[in-house]
Amino acid sequence: MRIILILFFTSIYFIGSSQEVFSPNEKNGKWGYISSTSNKVIIPHQFDLAKKFKKNGFAEVKKIAHGD
């Protein structure tokens, strides 16, 4: 089953870092987000697909549920 998740970051989170951009980043077959200024992982690599953040503060990600 595929689950579409929407991530939202409020403007409070971005105070003091208005130039910072979070970029999708792949590691070991999973996607997460890194900071464009520090290259630190901001959102852990846990998604099967991650798209760029839009101006409205949302990014589309996909996480496929693996049944046992």
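In region 17-57, which residues are among the hydroxyl-bearing types (Ser, Thr, Tyr) and surrounded by fewer than 17 Cβ atoms within 10 Å (Cβ to Cβ)?
Ser17, Ser18, Ser23, Ser35, Ser36, Thr37, Ser38
Name the pairs whose Cβ atoms lie under 8 Å apart, with the first residue in region 50-63 and in contact (Cβ under 8 Å) with a residue 40 or more places away in the chain, the second part of a loop (DSSP other than H, G, I, E, B) and of a type in the set (Ser, Thr, Tyr), and 6 or more positions between them or separate chains?
Here the result reads Gly57/Thr10; Gly57/Ser11, each pair linking region 50-63 to a residue that is part of a loop (DSSP other than H, G, I, E, B) and of a type in the set (Ser, Thr, Tyr).
Just to be sure, is Asn56 at pLDDT below 90 and in a loop (DSSP other than H, G, I, E, B)?
Judged against the criteria, Asn56 is a match.
The values are calculated or read from the model by the stated rules, or taken from the named source; none is laboratory data. Just so we're clear, the structure is a prediction, and the values are computed from it rather than from any experiment. With ideal geometry, Cβ positions are generated from the backbone for all residues, glycine too; neighbour counts draw on all protein chains shown.
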